[in-house]
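A.B. asks: Sharing a structure below in structure tokens format, with a few things to ask.
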Amino acid sequence: DLKIGEEIIKETTLVDIKEKKSQSGEMVFITYEHKLKTLNNLAITETQNIVYLEASDSFNPPKKRELPQPDYPKEKLSISNPLLFRFSALTYNAHRIHYDLKYAQEVEKYPHLIVHGPLQALFLMQYATNLKNSAPSKFSFRGVHPAFANNSMELVAKANKSGLSLYTASNDHQCMEATALWEEDSE
């Protein structure tokens, strides 16, 4: 466990770089491993997979995925431009697709500002924690479709045999999928 005020050391290792070609163009997959340590123990290990896509002349989104029927009440999200700007600042993410609408539309060809994947993941982690009254011991997430700040969004959860399957949703389709596991579930 991490405690407020405790000194933390973050070690990041570049694990892998792979180049691939697909129907949509060239892609580069980069894998990092982040370890957060206190002076006495390893507190968190995170594996981060990032996909870089070839620049496109137009917005070609992936196929929309249907949402499963939820087992828990949905939770509505309110995403504002100031929230996206502040999250960009907090995470040292200077990519303008999150806070500069003109750039997002004219240069990157998106219809609106993009909601950060890690921000969606934080919302899903908190939603899972609230549903189970405790933080999951394992959490993984994957973006499956861009989420745009001008669209309404909600959090959706479905029970599975090993914990919860979670989704951010917009216009009745998945934007992010996640899995949350608790110690008793992962044994």
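The values are calculated or read from the model by the stated rules, or taken from the named source; none is laboratory data. Just so it is clear, the model here is predicted, and its values are computed rather than measured. Neighbour counts are summed over all protein chains in view; Cβ atoms, including those assigned to glycine, are modelled from backbone coordinates with ideal geometry.
A.B. asks: Could you tell me whether L83 is more than 22 Å from S140 (Cβ to Cβ), surrounded by 11 or more Cβ atoms within 10 Å (Cβ to Cβ) and modelled with pLDDT of 90 or more? Write out each step before concluding.
C.D. replies: Working: more than 22 Å from S140 (Cβ to Cβ): yes; surrounded by 11 or more Cβ atoms within 10 Å (Cβ to Cβ): yes; modelled with pLDDT of 90 or more: yes.
So L83 passes the test.
A.B. asks: For the list (1) assigned to a helix (DSSP H, G or I); (2) in contact with a Pro (Cβ under 7 Å, 6 or more places away or on another chain), I need the number of the one condition that L84 fails.
C.D. replies: (2)
A.B. asks: Counting just the residues of region 27-74 that are in a strand (DSSP E or B) and among the β-branched types (V, I, T), which one comes out nearest to E7 (Cα to Cα)?
C.D. replies: Taking the candidates together, the pick is I44.
A.B. asks: Any chance region 42-65 includes a residue that's in contact with a His (Cβ under 9 Å, 6 or more places away or on another chain), over 20 Å from E177 (Cβ atoms) and not assigned by TED's automatic domain parsing to the domain that holds N133?
C.D. replies: For region 42-65, residues in contact with a His (Cβ under 9 Å, 6 or more places away or on another chain), over 20 Å from E177 (Cβ atoms) and not assigned by TED's automatic domain parsing to the domain that holds N133: present.
A.B. asks: Continuing with this model, one more query. Could you list, in sequence order, the residues of region 115-134 that are surrounded by 13 or more Cβ atoms within 10 Å (Cβ to Cβ) and more than 12 Å from the chain's Cα centre (by Cα)?
C.D. replies: Selection gives Q126, Y127, A128, T129, N130, L131, K132.
A.B. asks: Kindly indicate whether any position in region 151-163 is without any contact (Cβ under 8 Å) to a residue 60 or more places away in the chain, assigned by TED's automatic domain parsing to the domain that holds L122, under 24 Å from N60 (Cβ atoms) and in contact with a helix residue (DSSP H, G or I) (Cβ under 6 Å, 6 or more places away or on another chain). It would help to see each step written out before you state the result.
C.D. replies: Of region 151-163, the ones without any contact (Cβ under 8 Å) to a residue 60 or more places away in the chain are 151, 160-163.
In the following step, the residues that additionally are assigned by TED's automatic domain parsing to the domain that holds L122 were identified as 151, 160-163.
Narrowing the set further to residues that are under 24 Å from N60 (Cβ atoms) leaves 151.
In the following step, the residues that additionally are in contact with a helix residue (DSSP H, G or I) (Cβ under 6 Å, 6 or more places away or on another chain) were identified as none.
No, that holds for no residue.
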